[in-house]
Structure formats: structure tokens, C-alpha cells
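The block underneath contains the structure these notes are about, expressed in C-alpha cells.
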2 protein chains.
Amino acid sequence: MASTIQDVAKAAGVSAATVSRVFNGGRVTAERAERVRRAAAELGFAPNRVARSLRTQRASVIGLLIPDIENPFFTAMARGVEDAAQQTNLSVVLCNTDEDVDKERRYLEVALAEQMAGVIVAAASRERTDLSLLEARGMPVVAVDRRPRGSNVDVVLVDNAHGSEDATAHMLARGYRRIACITGPQGASTSEERLAGYRTAIGDFLRAHPDRAGEYPVDPVTEWTRFADFKVEGGHKAMADLLARPERPDAVFVANNLMAVGALRALREAGLNAPEFGILSFGEVPWAPMVSPSLTTVQLPSYDLGWTAASLLQDRMSGKDRPLQTVVLRTALQVRDSTSGPGA
Amino acid sequence: MASTIQDVAKAAGVSAATVSRVFNGGRVTAERAERVRRAAAELGFAPNRVARSLRTQRASVIGLLIPDIENPFFTAMARGVEDAAQQTNLSVVLCNTDEDVDKERRYLEVALAEQMAGVIVAAASRERTDLSLLEARGMPVVAVDRRPRGSNVDVVLVDNAHGSEDATAHMLARGYRRIACITGPQGASTSEERLAGYRTAIGDFLRAHPDRAGEYPVDPVTEWTRFADFKVEGGHKAMADLLARPERPDAVFVANNLMAVGALRALREAGLNAPEFGILSFGEVPWAPMVSPSLTTVQLPSYDLGWTAASLLQDRMSGKDRPLQTVVLRTALQVRDSTSGPGA
DNA sequence: TTGAAAGCGCTAACAA
DNA sequence: TTGTTAGCGCTTTCAA
């Protein structure tokens, strides 16, 4: 059906090897190259990548494994990967692992069987994702967003601690003082890192203003911290709980976007509004600019995460034997109206 | 590096053909099959899919081309495709065409070169997307959401007209009378179909209540219709324009989710609120339940669109030679608070 | 039921 | 610079 390199060779009166050279940048005289190109165009020839992969033992496809294709954070990341890959004519195969380690393992096996050129993986689990199979076979791998335990691969991460510190410092600068924190589950690295950033900022402030200590409960960084589940309902419950305390906070730093939605609802139910009560979401909310007041957020470098991972992967694929890298990307604070200050 | 079928054959003391039969359901005595399986497990053997594809001339990968991976409508569709494909052990390669016909064409060529088993495409353009290359080579193709002009492929579409008619009828039933419509660009099939549904519902109502005609401008279905661009700003401008008219509407049917966001803002700026002023969005808005009042929407069958397309594709792939199908899937009205009625 | 052998379409080593 | 040749790993006749 489709024409092969042999057909083109015959039509152009040259050997298959010459046709191959024309398509792969080998040395061919201009005149013959032209003849080949014309014949190829006439026959609608396009090299069969399957045969090429089999012969060269490498594909021009990279696999991208993400836990949730419906999460904008990951789709933006996928765009970054795609754009970077396109520069070297790599195609990207997107695999949705659904936060399921088994499904993820199956896709990893597919990547091996398909001889993919490399794999970028946002691990379904830091504990249980196992990249050793790929490593054993020498397949280039880059982990992104989460670093799977015990794996020897390049990693690209978000600087959660700095982002949280900046965000909290911003709220302090805008005049909020009694800032609470709703973070994710205890033990999850992202929760812990974001909480740590918040604590650093509060600690720094208290050290700079020792006179202020009297305004706070015994230990604000623990009294006003709640561990939730990164989901809407968890954020709602945590916020309601914080508001019920005798020393009520005047602002809240929420460690992810879904919990921020829940916290917003709890505030509204308590008759509180931003910016009198400050609220800031770690992680973009698509409709952040549309709610009123618009929501201040920490923007995650999702696109760049993908772009960077793809670049690292291509380095590895080209056989550069440099030591393993961990790249940490910074977040960006998007100041909007929900943190204008308690008196604004 | 990775072990081949030959390695397994040697280890099990059989021929490569026998190993192949074990993995593909050929006739092999139980005892030898067992030996082969053991050897394969020991060597960590998994058949090389590239070689298999080259030999059999077909792959176990299908391509899914979508215009915008960051649009929840398409990611939900992708989930549907993926889930359906998984049932027959097909992998899905997701390609983001970015509403760009050239990029789309490149991906279509990749699909051919990679010998993919089939392609599902949400066309970047109804006019300019060209599937004839694939058709010429006999590759199974299903078009989804949009029917590219001049192509002979199975199609899965959304029933825009019925969905809009239902939605408009719902608003009428809730007591809104002066219902405006903001639709997409003139000429786009989705705009026209949604507008047509709105007109049908209004027309039916007026025919059933001829006494009401006096309450309306000369021709409500044209006076209160605005063509916008399916974007936030377009919706905002159209709504503001409608509100400036002497015969002000008391509700609006908005033909997509982004324009609904713009329309909401225009309403708020004019001091109008739902449900006194009714508003309904065609197409789900992720935060529809979270705004107050919660937004009534028409839910598109995005997941099922994908699932159905994948099923049709698999029929085609298995060589069933049935006539071309067009499947039209119905929408579902999600009634929330923004259309409780003008007196609610 | 089994194995030997051919060949899918391509590239790369080698020889000319 | 060009062509010849071998072979990537698999499946599928064909003959035994």
C-alpha cells in the first residue's frame, strides 16, 4: 500500500542506501538527491518509522507518564514537554496513570516493549513507583514533580519551600499578622515543604519583631497549622476549625488550590471576606482572576517543569554521560486582590 | 541488553517459532509451553513490539489528535478513549494539535509513519483538516466532535441542537420570558446548531402562547441574539450590549462556558444577579457549583464521545466492513441555582 | 505439533 | 560518493 524505500530507489534509479542517505543527511550528490526527492514526493513516500526503530534500536517517541490528565497542572506540564520535544522532532506519547501504581507499571513496560527513546514520569507514588526496570535496561528516564524513592534518575522539582516562604512573607508585608496555614497530609513531601516555607517566614518575622509575640497564641506555627488532604472538603473543614478557635487568625495560607476552594467557602459561610481576611492559594486556580475578590496565588512552573524535564531527557538520550541532576524550579507569586491587606 | 525471542528459545530448548506461538496463542503442548514461560520469566523477556509491528504491519497503538490538551472537554474525551482502548490492550498516543492545521498534518503523517493501528481526530478545522491521506492508505479513522468536510469516516458528534433546545425550554419553564442568546461565531457549526436549538424552543413557546407576542421586541430571536467568539471577552461584550437595549432581556442562554464567564461578569457589573436574571451555560464550567449562585449548565458527553469513538475505531480496525456511521450523543442539563426563576 | 527459513523496511558497515 | 550486503526481532508459511 504505502511505498517503501525500495520503490523510491527504483523510481529514482539509485540504491535504497542512497535514498536512506537523502533522508538522513548522508553525503549524496545534489543531482541525485534531487532525483530522489522528486521520486519520493511523487510516490508519497514517508520513511517507515517502525522499520527504522527496529534497525536503529531506538524510537523517535518519548513517553510521558502523568497521574491525572484532567489536572491542569499536568496538562500544562505536558505542553512543556511537547514543545521541547518538537524541537528535535520527537513525538510525545502521553500515558495517564490515574495515580495507580499498577497501571503505571504497565505503561512502563509498554515503554520498554515499544523501545521508546526515553520516559518522563511524574510518579504515581513516591514510595512504590519502581523505575529500576528501565534503569536496568539503560533507558533514559527523568522524574518530574516527585522523586521516586531509591531511583537513580534526573529529577525536576518545584521549589515548594521558597514559594511558600515568599507567599507568607507577602502576606506579612501586606499587614496580616495572625496567618494560619492549611497544608496537605503529614508525610507527603509537598505538604511538608510548603509548611516548612510558611514556618520559615513566620519565624523570621517573629525574630525581627520580638515585641509582637504577645499578640499570638503560645505557638502560632503549630496552633494555627492544620493538616488536611489536598481536597476541597478537607480545606473547608480545616478552615472552619481554624475559625472556631478563640485566637482567630486574620489570614490563611492554603497549600493547594482545591483546599483553597474549600477554605473560601468556609470563609463565606462565616461571613468573612477577603481581603479583610487574607487568603492565598499555593497553586493556580483557573478561575482565580474571576472570583471577586480575585485570588492571590502562587503559580507553579508547570510548563517549565515539562520543558526542563524534556531537555534533560534529550541530553541523556544523546548519550552525554554527566552526573545525575536535580533541578529545582522557582514558583511565581501572582498578587491579586485577596491579599490587599486587612485594612484595604 | 533486553532478551529476545531467540534467547528464550535457546534457554527453553525450543525454536523461536514455538516461543512466538506461546505468546500469541498458537498450538503448543502444555509441557513445552510451560518450559517456555519459565524461561521467559527468568530472562525478563517481553516481546519487542517494534519488531512485531514491522512483521505484522500493524501496531497496538492508536493516535488521538485533539486541538487543545488544556481544555477539560478534550481531556475528558481522552479519558474515554483511553478507557475504551485499554479493554483491548491498545495504547493511546495523545497528540496536541493546538488548533493548528499544519501541526495536525504533521501528526497525521507521524501516525502513518508509525503504522498506528488507527486514529481518532477532533479536527483542528472543519474546512481545512484533510484526512484523505489516511483514507487513501486504508488507515481506520474516526472523527469526533467535528466532522471534517469531504471526509469519508465514522463521526461522533454532540447533539448541540437538542441540548440547546432543552436548555432554553427549561428556562422558559422556570418563568423566564425575555431570554437572550449569546452564541459563537457565525458560520461555525457548533454556534449555528446551538442557536438553532434556542430558536426552536423560543419559536415553540411563542406558537403555544400567541398572546405573549406583545411583550417582545419585533423579533426576539434576532433582536436578542449576539454572535461572539466563544471567548471570555466576547461574552462580556455581548452581554453588556444586550443589557443596554431598551427591551432588556430577563435571562440569557450562553452557547459556551468561556463566554458564560464573561457574561456573568457583565451581569455583576450591571448590578444584576441570578437567579432574578437567569443565566445558563452550554458546556460545563469546572467551578460552576462553587460560584454563588451555582450555575446551571448543559453537560457535554465528552467522556462518552471519546469512548464511543474508540469503540467505532476498534470495529473498523477489526475489519468489519459496515457502512459509515454518524453517532450523535445527547447532552444532559445540570440544573442548579442560576435558573431558579425570576421570582425565586 | 514443531522447526527451518523467509522477510517486514530500514540503516550501517564495508567494498568499490 | 555509491551500491551491496547483512541483519534488527518478530511472525508466518511450509514441510516434516
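Yes or no, residue by residue, for (1) in contact with an Asp or Glu (Cβ under 8 Å, 6 or more places away or on another chain); (2) assigned to a loop (DSSP other than H, G, I, E, B); (3) outside the structural domain of B:Asp145 (by TED's automatic domain parsing):
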residue: B:Leu267; (1), (2), (3): no, no, yes
residue: B:Gly271; (1), (2), (3): no, yes, yes
residue: B:Val291; (1), (2), (3): no, yes, yes
residue: B:Gln314; (1), (2), (3): no, no, no
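Please verify whether A:Thr183 is modelled with pLDDT of 95 or more, within 19 Å of the chain's Cα centre (by Cα), surrounded by 19 or more Cβ atoms within 10 Å (Cβ to Cβ) and in the same structural domain as A:Leu267 (by TED's automatic domain parsing), treating the condition exactly as stated. Yes: the conditions hold for A:Thr183.
Taken over region B:43-68, the criterion of being buried (at least 16 other Cβ atoms within 10 Å of the Cβ) and more than 10 Å from DNA strand D (Cβ to nearest atom) is satisfied by B:Leu43, B:Ala59, B:Ser60, B:Val61, B:Ile62, B:Gly63, B:Leu64, B:Leu65, B:Ile66, B:Pro67, B:Asp68. Beta carbons closer than 7 Å, at least 6 apart along the sequence or on distinct chains, pair a first residue in region A:36-49 that is free of Cβ contacts under 8 Å to residues at least 40 places away in the same chain with a second that is outside any helix (DSSP H, G or I) and not charged (D, E, K, R) for A:Val36/A:Val14; A:Arg49/A:Ser60. Would you confirm whether any residue within region B:19-28 is more than 14 Å from chain A (Cβ to nearest Cβ), in contact with a Gly (Cβ under 8 Å, 6 or more places away or on another chain) and within 9 Å of DNA strand C (Cβ to nearest atom)? Yes, region B:19-28 contains a residue that is more than 14 Å from chain A (Cβ to nearest Cβ), in contact with a Gly (Cβ under 8 Å, 6 or more places away or on another chain) and within 9 Å of DNA strand C (Cβ to nearest atom). Exactly one residue among B:Ala201, B:Ala180 is in a helix (DSSP H, G or I) and of a type outside the set (Ser, Thr, Tyr), and that residue is B:Ala201. For residues in region B:99-115 being under 19 Å from A:Leu64 (Cβ atoms) and touching a Lys or Arg at 6+ places or on another chain (Cβ under 9 Å), which is surrounded by the fewest Cβ atoms within 10 Å (Cβ to Cβ)? So the residue we want is B:Val110. In the condition set (1) touching a helix residue (DSSP H, G or I) at 6+ places or on another chain (Cβ under 7 Å); (2) buried (at least 21 other Cβ atoms within 10 Å of the Cβ), A:Leu264 is compliant with all but (1).
Set side by side, the residues A:Ala16, A:Ala33, A:Ala40 differ, and just one is within 12 Å of DNA strand C (Cβ to nearest atom) and crowded, with 16+ Cβ neighbours inside 10 Å, which is A:Ala40. Is there a residue in region A:81-100 that is over 28 Å from B:Leu133 (Cα atoms) and within 16 Å of DNA strand D (Cβ to nearest atom)? No, region A:81-100 contains no residue that is over 28 Å from B:Leu133 (Cα atoms) and within 16 Å of DNA strand D (Cβ to nearest atom).
Output yes when any residue across region A:197-212 is modelled with pLDDT under 95, assigned by TED's automatic domain parsing to the domain that holds A:Gly262 and of a type in the set (Asp, Glu), and no when none is. Yes - at least one qualifying residue is present in region A:197-212. For region B:298-306, indicate whether the set of residues that are small (Gly, Ala, Ser), modelled with pLDDT of 85 or more, under 30 Å from B:Met116 (Cα atoms) and surrounded by 14 or more Cβ atoms within 10 Å (Cβ to Cβ) is non-empty. Yes: one or more hits. Residue check, B:Thr4 against (1) hydroxyl-bearing (Ser, Thr, Tyr); (2) within 14 Å of chain A (Cβ to nearest Cβ); (3) in contact with a helix residue (DSSP H, G or I) (Cβ under 8 Å, 6 or more places away or on another chain), all met but one. Which one? The single condition B:Thr4 does not satisfy is (3).
Check whether at least one residue in region B:261-272 is closer than 10 Å to B:Cys181 by Cα, away from chain A (no Cβ under 14 Å) and more than 22 Å from the chain's Cα centre (by Cα), and report yes or no. Scanning region B:261-272 turns up no residue that is closer than 10 Å to B:Cys181 by Cα, away from chain A (no Cβ under 14 Å) and more than 22 Å from the chain's Cα centre (by Cα). The set of residues in region B:154-178 being crowded, with 23+ Cβ neighbours inside 10 Å and among the aliphatic types (A, V, I, L, M) consists of B:Val156, B:Val158, B:Ala167, B:Met171. Check whether at least one residue in region B:325-335 is over 17 Å from B:Tyr176 (Cβ atoms) and free of Cβ contacts under 8 Å to residues at least 12 places away in the same chain, and report yes or no. No, region B:325-335 contains no residue that is over 17 Å from B:Tyr176 (Cβ atoms) and free of Cβ contacts under 8 Å to residues at least 12 places away in the same chain.
Looking across B:Pro323, B:Pro246, B:Pro342, B:Pro286, one residue alone is within 14 Å of chain A (Cβ to nearest Cβ) and assigned to a loop (DSSP other than H, G, I, E, B). It is B:Pro286. Does B:Gly306 qualify as being in contact (Cβ under 8 Å) with a residue 40 or more places away in the chain and over 17 Å from the mean Cα position of the chain (by Cα)? It is false that B:Gly306 is in contact (Cβ under 8 Å) with a residue 40 or more places away in the chain and over 17 Å from the mean Cα position of the chain (by Cα). Against the list (1) more than 9 Å from chain A (Cβ to nearest Cβ); (2) in a helix (DSSP H, G or I); (3) of a type in the set (Gly, Ala, Ser); (4) within 13 Å of DNA strand C (Cβ to nearest atom), the condition B:Gly80 fails is (4).
In region A:275-293, the qualifying residues are those that are more than 24 Å from A:Val81 (Cβ to Cβ) and at pLDDT 85 or above, and the one that is surrounded by the fewest Cβ atoms within 10 Å (Cβ to Cβ) is A:Glu276. Residues of region B:19-30 that are near DNA strand D (Cβ under 8 Å from one of its atoms) and surrounded by fewer than 16 Cβ atoms within 10 Å (Cβ to Cβ): B:Asn24, B:Gly26. Screening the candidates A:Ala136, A:Ala117 for the property of being within 13 Å of chain B (Cβ to nearest Cβ) and touching a helix residue (DSSP H, G or I) at 6+ places or on another chain (Cβ under 7 Å) yields one hit, A:Ala117. For region B:107-166, a residue qualifies if it is among the aliphatic types (A, V, I, L, M) and assigned to a loop (DSSP other than H, G, I, E, B), and the qualifying residues are B:Met116, B:Ala117, B:Ala122, B:Ala123, B:Ala124, B:Leu131, B:Met139, B:Val153. Is it the case, given these coordinates, that B:Arg37 is at pLDDT 90 or above and within 9 Å of DNA strand D (Cβ to nearest atom)? For B:Arg37, the condition - at pLDDT 90 or above and within 9 Å of DNA strand D (Cβ to nearest atom) - is not met. Within region B:86-105, restricting attention to residues that are part of a helix (DSSP H, G or I) and facing chain A (nearest Cβ under 9 Å), the residue that is modelled with the lowest pLDDT is B:Gln86.
Which of the residues that make up region B:43-69 are small (Gly, Ala, Ser), modelled with pLDDT under 90 and within 16 Å of DNA strand C (Cβ to nearest atom)? B:Ala59, B:Ser60 - these are the residues of region B:43-69 that are small (Gly, Ala, Ser), modelled with pLDDT under 90 and within 16 Å of DNA strand C (Cβ to nearest atom).
Of the set (1) in contact (Cβ under 8 Å) with a residue 24 or more places away in the chain; (2) more than 30 Å from A:Phe253 (Cβ to Cβ), all apply to A:Val158 but (2). A count restricted to region A:245-259 and to residues that are surrounded by fewer than 24 Cβ atoms within 10 Å (Cβ to Cβ) and either at pLDDT 95 or above or of a type in the set (Asp, Glu) (or both) stands at 2.
The values are calculated or read from the model by the stated rules, or taken from the named source; none is laboratory data. Quick caveat, the model's predicted, so the values are computed rather than measured. All Cβ positions, glycine included, derive from the backbone under ideal geometry; neighbour counts span all protein chains shown.
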